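For reference, the structure is listed below as structure tokens.
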Amino acid sequence: MEFNYVISTGPLRKPGLKAKGTITEIKEVKAVDVYKKAATNPEQLLFAIIAKVEGWKGRIGTIPKPTSKLISPKSKLALFKKRYKQFPKTGMKIDVTANDMGYWKLET
């Protein structure tokens with residue numbers, strides 16, 4: 001067995017770096033599955049958005065699942081649709097930015 005890993009000594013990406021990604025999967029999960037003990041409402045349902053960015057694949061963001069069909073224009077889902085002209089779906093191109101820790105995060 002061979003281990004081809006490199007241990008990071010700092011952020012992988014410079015904070016603020018922008019890139020394009022492709023949504024590869026959208027999962028419905030509970031907040032506790034993502035945020036663990038930090039979840040303020042552990043049973044809240046979320047859409048976890050998984051994307052591929054420059055060869056890396058992982059979760060780039062979450063969007064709370066609305067409790068009804070009528071949603072606020074200020075909700076994360078409505079802001080996503082406003083920016084990208086459609087609701088999230090696999091295969092669509094999205095914009096991501098590296099956060100302070102160097103992780104890719106969805107721009108909404």
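Derivation of every value follows stated rules applied to the coordinates shown; laboratory data play no part. The shown structure was predicted, so the numbers you read here are calculated from the model rather than taken from an experiment.
Quick notes on this one:
- Partner lysines for Lys20 [C-alpha distance under 21 Å; skip if fewer than 8 residues away on the same chain]: Lys52, Lys57, Lys76, Lys81, Lys82, Lys85, Lys89, Lys93, Lys105
- 3J(HN,Hα) couplings calculated from phi for region 30-35 with the Karplus curve 6.51 cos²θ - 1.76 cosθ + 1.60 (θ = phi - 60°) are, in sequence order, 8, 4, 4, 5, 9, 9 Hz; Gly and Pro show x.
- For the residues Leu79, Leu12, Leu45, a GNM of the chain with alpha-carbon springs under 10 Å puts the largest fluctuation on Leu12.
- Overall, the ratio between the Cα radius of gyration of the chain and 2.2 N^0.38 Å, rounded to two decimals, is 1.18.
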